[in-house]
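Structure first, then comments.
The values are calculated or read from the model by the stated rules, or taken from the named source; none is laboratory data. Everything numeric in this text was worked out from a predicted model, so none of it was measured. Positions of Cβ are backbone-derived with ideal geometry, glycine not excepted, and every protein chain shown enters the neighbour counts. Please note that ligands, DNA and RNA were not included when accessible areas were found on the heavy atoms of the full protein model with its side chains. Shrake-Rupley method; radii C 1.70, N 1.55, O 1.52, S 1.80 Å.
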Amino acid sequence: MSAGMSRAMMPLRMAIPPAPDADSVMGDPVPTPTSRACGLENEAGAGAAAGLDHELDERLRDEIGVAPQRATPRDLMRALAALAREQLARRWVDSDAADRRSRVRRVHFLCMEFLIGRTLHSALSALGCQDAAARAVQHHAALWEDVQAQESDAALGNGGLGRLAACYLEAMATLGLPAWGYCIRYEYGVFAQAIQAGQQVERPDPWLEDGSPWEFPRPGISWSVGFGGHVEPSPVAGQPAVWHPLVQVQAKAYDLVVPGYATERVSTLRLWRSTAPAQIDLQAFNRGDYARAAEVKNAFENISWVLYPDDRTPAGRELRLRQEYFYTSATLQDIVAGHLEEHGSLDQFAQHHAIHLNDTHPALAVAELMRLFVDVHGLPWQQAWSQVRSSFSYANHTLMQEALETWPVELLAQVLPRHMEIIYRINHAWLAEVAQARPGDDGVLARASLIDETAGRRVRMAHLAVVGSHHVNGVSALHGRLMRETVFADFAALEPARFSHVTNGVSPRRWLAQCNPALAALVDHAIGPAWRRDLDALLGLRPLAEDAGFRQRFLAQRRAHKVHLAGCVARSTGLTIDPDSLVDVQVKRIHEYKRQLLNVLHVVWRWQAIRAAPTAGWVPRTVVLAGKAASGYDTARLIVRLIHDVAHVVNHDPAMSGLLRLVFLPNYGVSLAETIMPAADLSEQISVAGTEASGTGNMKLALNGALTLGTEDGSTIEIRERVGEEHMFLFGLRAQEVQALRGAGYRPAERVSADPRLERVLDAVANGVFCPAEPSRYARLVEELLQQDAYLVLADFDAYLAAQARADALFRNPDAWARRAVATVAGMGHFSADRAVAEYAQRIWRVRPAA
């Protein structure tokens, strides 16, 4: 490092002064596995580093094919990954063998996405040699941060749903639960987000371009998945029908091993890659018709190319349906085959398998398992249905009707004709139960039916998941209540015992220990390291909120992270931001209900107010936004463009110098989140009340000491109960008030006419102040607010500004801010993924830790 390198460009571990070592201070060592797992015999720092350095040099020569003295950071990353991979493979084999011996009930976690991020740091930490690895790479004149940066984020997810699944899989291993996750091996992710001329541009995310050092290809595991064709009825009454698919796709297995913390147990993430039955049309190739030659290959392998293909076209909708069936079918064939290998019979299938549907995307699993049981393995229908319903559980993650997936009957019958028949039969039996419980009530029959007849005949996938599961849960207390009162009210009235909630949680290993090493060391020094396995131990920090010395150290580590974020912003956008400003963060998927638009309108108001009164003592503020808009979601993409247009004006206005910056960081993902979370002062959780099922971004930010500015929505309500409302900036309509306002006939234009500030803000947006070359660019956006305001942006505007003013007032007193931030961290113990998974295991999955 040159002597002239600025602090903003320094690696985080160099920028943050080290805290005292927790082992020497507390006399209670951090519980980590022995460093012998990395081929080391000596756990002392120097000995471990020397041992790993020798192993590293061998891998560089033997596997990477490079002389150690010429190794690049990428070579070092791959060599370290090879070392860790070998040890994780041993753990995987041992865990699997133990499960087979004990015949324990396993968890099978089906989710459309697993946003695992980078693996190197967490793998080495789980093996107990992360510090030794950091020292070893220094012997090669490399920085640990540079080595980690060579690994691509695994492009297997998009947002909170996928990150939750990743946290849960790690927590299951940490708790010793025998667990498997299942997903598609997306070759290009959802997309890599770039910004050109202020607009989002979607590009492929080729994270597998050079291969993944963490994958275990399973060439012996492949399942045939059919589509289309016709169903041949059985000539014998009561015998299964025969489905003759038109085409068959092969699902090939690739495994990623997810290690637990301070345990030998691992979880497995099994990914499915689609391959064509015939790779190319050789005859067409030989004729020189190369496009035709590859047509068959591409027509089937595109199933595992991209997460959430744009479904605005018929082809896009069919591809998404094929994706959902592809991975559920491969997964269930895999589970059934494994069960038969171990147990020989399907009679007690449900006693050995807890299959969890994480959201609605894998709901076809209900029909597919029935097909496998009845058509393939010859179980009587009622016996099969009993096993199916006793195996599945379903976690709902949204209350919004537009997000509750449905498929046209015509499309589903075309792509999966046998499954459509099975769904009809399930529905017939279910409606007979409903009619018996509610005789003469045609309304409840229509609402509870798996087939929606109101706007074209469509299969309600959430209904299928509910009917096919023994337990249905929401993901926060508010969400669980609203789920029972709204979208599944009829089901909950008929079978209330099947409905509950499990509030989401995040991994303290990833979202504090890994992403915020300085705060983790400070916490270790203060209360010891037990919080990594028992996050409730953070309550021990509560008295330290009153300790002036601790508050000072807390602010010091936070400022170092803000300096690090400033360097990231400079490299990514070219903008200079003030680390001493209030860093105001909203990072999440771009969606109208999450109300990034409300945030931007506040920035416009602040810009106007500063220009009108530049000497009014403004608190310097840096507003940071990040997130992807779905490629087919035009309004969300327009909001991204508005953010950039406003930022261009604000950031180039000399009057704003030192007072206001608006930053959009592109291509938000796990690694970028790990930089942002520790640097945030203010966490924006501003969805309209009653729409956010839970929200885990708020948990991650609060765990790192950000104060929440938000509505009483999702898990923010439970954070308030644990942290204390006095440590938050809450505002806006509550869920019941939202319903009352809409029921009374909400007129948004009247809100504007009554508030001159709001009128000036909307006039500026609508009249091209931020896009003079195209003055009408945002006229439609503003007109929709004035006419409908579906997510009550205008209704909450005044309360939002008042909450922002309270945040400004507190930030003027850094010591008082630190007191509340420390108290916030202390109250976050409940929001651990370990606690959430333990609740699932005990109450829903009925799974015990493996011996």
> Assuming GLY540 fulfils every condition listed in (1) surrounded by 23 or more Cβ atoms within 10 Å (Cβ to Cβ); (2) in contact (Cβ under 8 Å) with a residue 24 or more places away in the chain apart from one, which condition is it?
Replying inline: (1)
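Pick from ASN358, ASN427: which is at pLDDT 95 or above and under 26 Å from ILE184 (Cα atoms)? Spell out how you get there, then give the answer.
Working: ASN427 fails: under 26 Å from ILE184 (Cα atoms).
Sole residue among the options that is at pLDDT 95 or above and under 26 Å from ILE184 (Cα atoms): ASN358.
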>> If I ask for residues that are in contact with a helix residue (DSSP H, G or I) (Cβ under 7 Å, 6 or more places away or on another chain) and among the aliphatic types (A, V, I, L, M), which ones from the range 78-109 would you list?
In response: ALA79, LEU80, ALA81, ALA82, LEU83, ALA84, LEU88, VAL107
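Is there a residue in the range 773-780 that is in a helix (DSSP H, G or I) and surrounded by fewer than 16 Cβ atoms within 10 Å (Cβ to Cβ)?
To start, the set of residues in the range 773-780 that are in a helix (DSSP H, G or I) comprises 779-780.
Checking which are surrounded by fewer than 16 Cβ atoms within 10 Å (Cβ to Cβ) leaves us with 779-780.
Checked the range 773-780: at least one residue is in a helix (DSSP H, G or I) and surrounded by fewer than 16 Cβ atoms within 10 Å (Cβ to Cβ).
Considering only the range 249-264, I want to know if a residue exists there that is more than 30 Å from ASP99 (Cα to Cα), part of a strand (DSSP E or B) and open to solvent by 20 Å² or more (accessible area, probe 1.4 Å). So that I can check it myself, show each step before the final result.
Within the range 249-264, the subset more than 30 Å from ASP99 (Cα to Cα) is 249.
Next, only the ones that are part of a strand (DSSP E or B) stay: 249.
Checking which are open to solvent by 20 Å² or more (accessible area, probe 1.4 Å) leaves us with none.
Taking every residue of the range 249-264 in turn, none turns out to be more than 30 Å from ASP99 (Cα to Cα), part of a strand (DSSP E or B) and open to solvent by 20 Å² or more (accessible area, probe 1.4 Å).
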>> List the residue pairs whose Cβ atoms are under 7 Å apart, where the first residue sits in the range 410-431 and is over 16 Å from MET370 (Cα atoms), the second is among the hydroxyl-bearing types (Ser, Thr, Tyr), and the two are 6 or more positions apart or on different chains.
In response: LEU431/SER449
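Condition check ((1) crowded, with 22+ Cβ neighbours inside 10 Å; (2) free of Cβ contacts under 8 Å to residues at least 24 places away in the same chain; (3) on the phi > 0 side of the Ramachandran plot) across all residues:
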| position | (1), (2), (3) |
| --- | --- |
| ALA566 | yes, no, no |
| GLY574 | no, yes, yes |
| VAL583 | yes, no, no |
| LYS594 | yes, no, no |
| ARG611 | no, no, no |
| THR615 | no, yes, no |
> Name the residues in the range 399-433 that are touching a strand residue (DSSP E or B) at 6+ places or on another chain (Cβ under 9 Å), charged (D, E, K, R) and within 23 Å of TYR308 (Cβ to Cβ), would you?
Replying inline: GLU405
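Taking helices (runs of 4 or more DSSP H) that do not extend beyond the range 652-762, which have at least 3 residues that are more than 21 Å from the chain's Cα centre (by Cα), β-branched (Val, Ile, Thr) and closer than 20 Å to ALA566 by Cβ? So that I can check it myself, show each step before the final result.
Working: elements: 670-676, 697-703, 716-723, 735-744, 748-753.
No helices (runs of 4 or more DSSP H) qualify here.
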>> Contact list please: Cβ distance under 9 Å, first residue in the range 782-797 and farther than 15 Å from THR635 by Cα, second residue open to solvent by less than 10 Å² (accessible area, probe 1.4 Å) and β-branched (Val, Ile, Thr), pairs at least six apart or on different chains.
In response: LEU792/VAL688; LEU792/VAL738; ALA795/VAL688; ALA795/VAL738; ASP796/ILE686; ASP796/VAL688; ASP796/THR711; PHE797/VAL761
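Residues being touching a helix residue (DSSP H, G or I) at 6+ places or on another chain (Cβ under 6 Å) and not β-branched (Val, Ile, Thr): count how many of those fall in the range 327-338. Quick ask: steps written out before the conclusion?
Residues of the range 327-338 that are touching a helix residue (DSSP H, G or I) at 6+ places or on another chain (Cβ under 6 Å), as a first pass: 328-329, 332, 336.
Going one step further and asking which of them are not β-branched (Val, Ile, Thr), we end up with 329, 332.
Residues that pass the stated criteria total 2.
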> Within the range 215-235, can you find the residues that are closer than 18 Å to ALA276 by Cβ, open to solvent by 60 Å² or more (accessible area, probe 1.4 Å) and at pLDDT 95 or above?
Replying inline: PRO217, TRP223
>> Condition first: among the small types (Gly, Ala, Ser) and either open to solvent by less than 40 Å² (accessible area, probe 1.4 Å) or more than 27 Å from the chain's Cα centre (by Cα) (or both). Now tell me which residues in the range 311-347 satisfy that.
In response: GLY316, SER329, ALA330, ALA337, GLY338, GLY344, SER345
> Here are some conditions: (1) open to solvent by 10 Å² or more (accessible area, probe 1.4 Å); (2) touching a Lys or Arg at 6+ places or on another chain (Cβ under 9 Å); (3) part of a helix (DSSP H, G or I). ASP99 meets all but one. Which one does it not meet?
Replying inline: (1)
> Is it true that some residue in the range 823-837 is open to solvent by 60 Å² or more (accessible area, probe 1.4 Å) and either part of a helix (DSSP H, G or I) or among the polar types (S, T, N, Q) (or both)?
Replying inline: no
>> So GLU86 passes all but one of these: (1) modelled with pLDDT of 95 or more; (2) farther than 23 Å from ASP334 by Cα. Which condition number does it fail?
In response: (1)
>> Just to be sure I understand, how many residues within the range 613-651 are assigned to a helix (DSSP H, G or I) and aromatic (Phe, Trp, Tyr)?
In response: 0
> What number of residues within the range 661-686 are open to solvent by less than 10 Å² (accessible area, probe 1.4 Å) and in contact with a strand residue (DSSP E or B) (Cβ under 9 Å, 6 or more places away or on another chain)?
Replying inline: 14
> Which residues, counting only those in the range 192-232, are within 30 Å of GLU86 (Cβ to Cβ) and in a loop (DSSP other than H, G, I, E, B)?
Replying inline: ASP205, PRO206, TRP207, LEU208, GLU209, ASP210, GLY211, SER212, PRO213, TRP214
>> Exactly one condition in (1) aliphatic (A, V, I, L, M); (2) modelled with pLDDT under 50; (3) open to solvent by less than 70 Å² (accessible area, probe 1.4 Å); (4) outside any loop (DSSP other than H, G, I, E, B) is false for ALA19; which is it?
In response: (4)
> Which of the residues spanning the range 802-822 are open to solvent by 10 Å² or more (accessible area, probe 1.4 Å) and either of a type in the set (S, T, N, Q) or farther than 30 Å from GLY549 by Cα (or both)?
Replying inline: ALA802, ASN813
> When the range 626-672 is examined, which residues are found to be of a type outside the set (Ser, Thr, Tyr), over 24 Å from ALA197 (Cα atoms) and in contact (Cβ under 8 Å) with a residue 60 or more places away in the chain?
Replying inline: GLY658, VAL670
> Which residue pairs have Cβ atoms closer than 6 Å, lie 6 or more positions apart in sequence or on different chains, and pair a first residue in the range 69-82 that is under 17 Å from THR119 (Cβ atoms) with a second residue that is outside any loop (DSSP other than H, G, I, E, B) and of a type in the set (Gly, Ala, Ser)?
Replying inline: LEU80/ALA133
> How many of the residues making up the range 617-656 are over 21 Å from GLY669 (Cβ atoms), open to solvent by less than 30 Å² (accessible area, probe 1.4 Å) and aliphatic (A, V, I, L, M)?
Replying inline: 6
